[in-house]
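**Student:** Have a look at this one.
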Amino acid sequence: MSAISLRALSRRRRRHVVDMKVSPYAYVAPFFLLFCAFGLFPLIYTAWVSLHEWTLLSDVHTFVGLGNFGTLLGDAYFWNATFNTLSIGVISTVPQLLLAIWLAHLLNRPLRMQTFFRISLLLPNVTSVVAVVVIFSQLFGRDFGLINWVLGWFGVGTIDWAAGTGTSHVAISVMIMWRWTGYNALIFLAAMQAVPRELYEAATIDGASNFTQLRRITVPMIRPTIVFVVIVSTIGAMQILAEPLLFGGSSVTGGPDRQFQTLSLFVYEHGFTKFDFGYASAASWIMFLFVVLAAGVNYLLTRRMKGGL
Amino acid sequence: MTPRLRLLAVPLMLALAVTACGGGGGETAGTASSAKPAEKVKLTVGLFGDFGFKPLYEEYKKTHPNVEIVEQVTQFNDHHNNLVKRLATNAGAADIEAVEVGYISTFTALTGKFHDLKQFGLDKRQADYLDWKWQQGISKDGQQVLGLGTDVGGLAMCYRKDLFKKAGLATDRAEVAGLWPTWESYIETGKRFAAANVAGAKFVDSPGEIFRAMVNQAPVGLYDTSDKIIVDSNPDVKKAWDLSNQISQNNLSAKLAAFSPPWNTGFAKGSFATIICPAWMTGYIQEQATNASGKWDIAAVPGGSGNSGGSHLMLPKQGKHAKEAAELIDFLTSKENQARVFKEEGTFPSIPALYDDPSIQTFTKPFFGDAPIGKIYSDAAKALKPQHLGPKEADVRTAIGNGLGRVEQGKQSPDEAWAQVLQDVAKIK
């Protein structure tokens, strides 16, 4: 081999090393660039806005320090929205995940028309949220709603779903469950398929019932997926906006008594109808902290969940 | 899934919107001047609800074949909120934007965002208009003409003859008007209606719009002339509040919030016997209660005359075809066309010369049992006393409306609700 080709070889090798070291970053760069533009930058900019008296129609932005946060923490409507968010979050997420695990368990066995069932699970999720809320608002109608009509057979009087705090939370939670149960069931199903069949066969020989198998084998085996789904659902539930907004007929206060105004709706009310961006940004940041907190607590709780349900 | 991210991303998205929809309304037609007649011009008209303009566009195109008109209709609240956003970001507004009186002061304050219509010679129209209607479209300093009026909402009371008959009340419109010279007697009539127990029907749809009507009848409303909110000190507001709550407390309300889907169903099902009826409401009733032709009728409103609603057309500076758009505004608000829109859609002209016009005076509608609606609304409009409207009318009304709603839903006593209303109103900046 001549000296020249040796040099060429080492150059190629060097290029290869650079390639190996740099390329991975280049491949992931698009995500991070987009994340910086649409995630990180707005996050930081919102923090900046939240320190100002900042309305959309004025070019003067007075620096007020933590003033917006002070007002916010003393604002009873903000805490009302926090309570509503948590309440709707719990009422929608807990039954939703239990139902999703059960549905996934039912589908995790040889069935006819398996694909049909699996696709049907996903159908509610691909429906537009607006369509879902419009239809469900009619179902939950006070005078001519289907649900009150059916309840009437059992002697239940007319329920004004949107008027009550509890009833409106239930109605909104049902809409959320309708959209997300099937989606979560599919994620659980995917995880369940990775559980070795032998475990179930052995359990069956030992005489374990179907339900015991679900509790003692399936749930512990798919725990990482459960942790993931719980956290994602919690984050989703903290950010509910379209359902309460449309359920209230485009009223940003979530009913006259703010009985179903969620945190997102509170932010929307101040940011996009009162155009008080400073206050809305402060609320967004507190909301962000709540989401981090809720996700963290859920992570700890579900990680410690050893023996199944 | 990620409303939070969307909210956080607002400043950025707005920035993007500037580039994305920089075209605004007029994407056809190049940068050249519009002097050449053959040049294609596309004008967008941003409205809330049906203004009855569609036949007018067709007619306009006959004389202006190069103009294409696209109507963009949004919901009432969304329309005005979006307009604020679009003005703030200088992008996305239609060439012509409709603004309702509840918001007009908000927008006439933004002189930098709208063209002065004087530039296009439209100050010549002043003589046509009701003076107070004209004044509403003028900038605060009185120097600029920012909006031309479309309609006014002279008040009347619509009622269902069939339901009144079932309740044993008078059905003739003169006699019905005699039942309620005042709001107190209106509520008394309501109690008689309720006592008759007509199945499936209440006397009123909900107290919200009644409250608005009562306040609008007062010489001074929610604001004084220096734009200070006087909800807490104006006795007329408190009186309207008390009377509105009597409707809820006597169980006269069908509890159907105005413009909600159940309210629309209520028209079709005949869930309420009376509804406050500014002229524009007649078109709405006709649209919703398609099965009730001939059952509705119109009587004079309790408590004298008043105005509720009505709109202006404004010309945002960001549009590319200001001259053509100004011409279209002139056309859409012209005397002949306001008369025509009234006959087709029900929105009542803001041009007093029309009020004595025989074609308006004798105009009737079979849907309302051939009620002489031309005469009823002419009388209402002539008797109107103008009221000063402040910049945040809509927000103040929402706060009070929510208070009425809490009483209606039985969540608070009127006093508790009033205390909360005053707190909420005090926070409006």
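**Student:** Can you name every residue in the stretch B:47-93 that is of a type outside the set (Val, Ile, Thr) and in a strand (DSSP E or B)?
**Tutor:** B:LEU47, B:PHE48, B:GLU68, B:GLU71, B:GLN72
**Student:** Need the failing condition index for B:GLY390 against (1) part of a helix (DSSP H, G or I); (2) more than 14 Å from chain A (Cβ to nearest Cβ); (3) of a type in the set (Gly, Ala, Ser); (4) farther than 23 Å from B:THR333 by Cβ, just the number.
**Tutor:** (1)
**Student:** Which residue is farthest from B:LEU110 (Cα to Cα), if the candidates are limited to the stretch B:286-336 and must be in a loop (DSSP other than H, G, I, E, B) and among the hydroxyl-bearing types (Ser, Thr, Tyr)?
**Tutor:** Top of the filtered list is B:SER293.
**Student:** Another question, if that's okay. Kindly indicate which of B:PHE367, B:PHE363 is aromatic (Phe, Trp, Tyr), under 30 Å from B:THR290 (Cβ atoms), assigned to a helix (DSSP H, G or I) and more than 11 Å from every other protein chain (Cβ to nearest Cβ).
**Tutor:** That would be B:PHE367, the only listed residue that is aromatic (Phe, Trp, Tyr), under 30 Å from B:THR290 (Cβ atoms), assigned to a helix (DSSP H, G or I) and more than 11 Å from every other protein chain (Cβ to nearest Cβ).
**Student:** So, one more: Can you find, within the stretch B:106-117, the residue that is farthest from B:ALA325 (Cα to Cα) among those that are surrounded by fewer than 20 Cβ atoms within 10 Å (Cβ to Cβ) and at pLDDT below 95?
**Tutor:** Of everything passing the filter in the stretch B:106-117, B:ALA109 is farthest from B:ALA325 (Cα to Cα).
**Student:** Related question: Does B:ASP227 meet the test of being in contact (Cβ under 8 Å) with a residue 24 or more places away in the chain, more than 13 Å from chain A (Cβ to nearest Cβ) and acidic (Asp, Glu)?
**Tutor:** Criteria met by B:ASP227.
**Student:** A follow-up question, please. Suppose we filter the stretch B:283-313 for residues that are charged (D, E, K, R) and over 27 Å from B:LEU47 (Cα atoms); how many remain?
**Tutor:** Residues meeting the conditions: 2.
**Student:** Something else about it: Would you check which residues across the stretch A:151-171 are more than 14 Å from every other protein chain (Cβ to nearest Cβ) and β-branched (Val, Ile, Thr) and list them?
**Tutor:** A:VAL156, A:VAL170
**Student:** Moving to a separate point now. Kindly check whether there is at least one residue in the stretch A:200-207 that is surrounded by fewer than 17 Cβ atoms within 10 Å (Cβ to Cβ) and among the charged types (D, E, K, R).
**Tutor:** yes
**Student:** Identify, by number, the condition in (1) without any contact (Cβ under 8 Å) to a residue 60 or more places away in the chain; (2) touching a His at 6+ places or on another chain (Cβ under 9 Å) that B:SER334 doesn't meet.
**Tutor:** (2)
**Student:** Being surrounded by 17 or more Cβ atoms within 10 Å (Cβ to Cβ) and either away from chain B (no Cβ under 14 Å) or β-branched (Val, Ile, Thr) (or both) is true for just one of A:THR62, A:THR55. Which residue is that?
**Tutor:** One residue alone meets the criteria, A:THR55.
**Student:** Between a residue in the stretch B:68-94 that is within 20 Å of A:LYS274 (Cα to Cα) and within 11 Å of another protein chain (Cβ to nearest Cβ) and any residue that is surrounded by 21 or more Cβ atoms within 10 Å (Cβ to Cβ) and hydroxyl-bearing (Ser, Thr, Tyr), which pairs come within a Cβ distance under 7 Å, given they are 6 or more apart or on different chains?
**Tutor:** These pairs meet every condition: B:HIS80/B:TYR103.
**Student:** Additional query: Looking at (1) small (Gly, Ala, Ser); (2) over 34 Å from the mean Cα position of the chain (by Cα); (3) within 14 Å of chain B (Cβ to nearest Cβ), can you tell me which one A:ALA81 breaks?
**Tutor:** (2)
**Student:** Something else now. Quick test for you: out of B:TYR355, B:TYR377, pick the one residue that is more than 14 Å from chain A (Cβ to nearest Cβ), in contact with a Gly (Cβ under 7 Å, 6 or more places away or on another chain), within 30 Å of B:ASP236 (Cβ to Cβ) and in contact (Cβ under 8 Å) with a residue 12 or more places away in the chain.
**Tutor:** None of the other options fit; the residue is B:TYR377.
**Student:** Only residues in the stretch B:381-395 that are among the charged types (D, E, K, R) count as the first member; pair them with residues that are outside any loop (DSSP other than H, G, I, E, B), Cβ under 6 angstrom, at least 6 apart or cross-chain, and list the lot.
**Tutor:** Every condition considered, the pairs that remain are B:LYS382/B:TYR355; B:GLU393/B:GLY102.
**Student:** What helices (runs of 4 or more DSSP H) completely inside the stretch B:117-232 contain at least 1 residues that are among the aliphatic types (A, V, I, L, M)?
**Tutor:** Once the helices (runs of 4 or more DSSP H) in the stretch B:117-232 are filtered for at least 1 residues that are among the aliphatic types (A, V, I, L, M), what remains is B:161-166, B:173-179, B:183-195, B:207-217.
**Student:** Let me ask something else. Exactly one of these conditions fails for A:ASP276: (1) surrounded by fewer than 24 Cβ atoms within 10 Å (Cβ to Cβ); (2) among the acidic types (Asp, Glu); (3) more than 10 Å from chain B (Cβ to nearest Cβ). Give me its number.
**Tutor:** (3)
**Student:** Also, I was wondering about something else. Can you tell me which residues in the stretch B:394-413 are within 26 Å of B:PHE267 (Cβ to Cβ) and more than 12 Å from chain A (Cβ to nearest Cβ)?
**Tutor:** The one that is within 26 Å of B:PHE267 (Cβ to Cβ) and more than 12 Å from chain A (Cβ to nearest Cβ): B:ARG397.
**Student:** To continue, here is another question. Scan the stretch A:122-168 for residues that are among the hydroxyl-bearing types (Ser, Thr, Tyr) and surrounded by 14 or more Cβ atoms within 10 Å (Cβ to Cβ) and jot them down.
**Tutor:** A:SER137, A:THR165, A:THR167, A:SER168
**Student:** Can you name every residue in the stretch A:53-64 that is within 30 Å of the chain's Cα centre (by Cα) and either assigned by TED's automatic domain parsing to the domain that holds A:ALA280 or in a strand (DSSP E or B) (or both)?
**Tutor:** A:THR55 - this is the single residue of the stretch A:53-64 that is within 30 Å of the chain's Cα centre (by Cα) and either assigned by TED's automatic domain parsing to the domain that holds A:ALA280 or in a strand (DSSP E or B) (or both).
**Student:** I'd like the full set of residues that are within 13 Å of chain B (Cβ to nearest Cβ) and among the charged types (D, E, K, R), limited to the stretch A:214-246.
**Tutor:** A:GLU243 - this is the single residue of the stretch A:214-246 that is within 13 Å of chain B (Cβ to nearest Cβ) and among the charged types (D, E, K, R).
**Student:** Let me ask another. Only residues that are in contact (Cβ under 8 Å) with a residue 24 or more places away in the chain and surrounded by 23 or more Cβ atoms within 10 Å (Cβ to Cβ): list them for the stretch A:279-288, please.
**Tutor:** A:TYR279, A:SER281, A:ALA282, A:ALA283, A:SER284, A:MET287
**Student:** Kindly establish whether A:VAL195 is more than 14 Å from chain B (Cβ to nearest Cβ) and either in a loop (DSSP other than H, G, I, E, B) or basic (Lys, Arg) (or both).
**Tutor:** yes
**Student:** When you go through A:ASN68, A:ASN148, A:ASN108 one by one, which is the residue that is in contact (Cβ under 8 Å) with a residue 40 or more places away in the chain and either within 14 Å of chain B (Cβ to nearest Cβ) or within 21 Å of the chain's Cα centre (by Cα) (or both)?
**Tutor:** Only one candidate qualifies: A:ASN68.
**Student:** Also: Could you check the stretch B:238-279 and list, in sequence order, the residues that are among the aliphatic types (A, V, I, L, M) and either within 13 Å of another protein chain (Cβ to nearest Cβ) or in a helix (DSSP H, G or I) (or both)?
**Tutor:** Correct list: B:ALA240, B:LEU243, B:ILE247, B:ALA254, B:LEU256, B:ALA257, B:ALA258, B:ALA268, B:ALA279.
**Student:** Something else: Provide a single number: the residues in the stretch A:259-273 that are closer than 18 Å to B:ALA394 by Cα and facing chain B (nearest Cβ under 8 Å).
**Tutor:** Qualifying residue count, the stretch A:259-273: 4.
The values are calculated or read from the model by the stated rules, or taken from the named source; none is laboratory data. Keep in mind the model is a prediction, meaning the values are calculated, not measured. Reconstructed Cβ throughout: ideal geometry from the backbone, glycine too, with neighbour counts over all protein chains shown.
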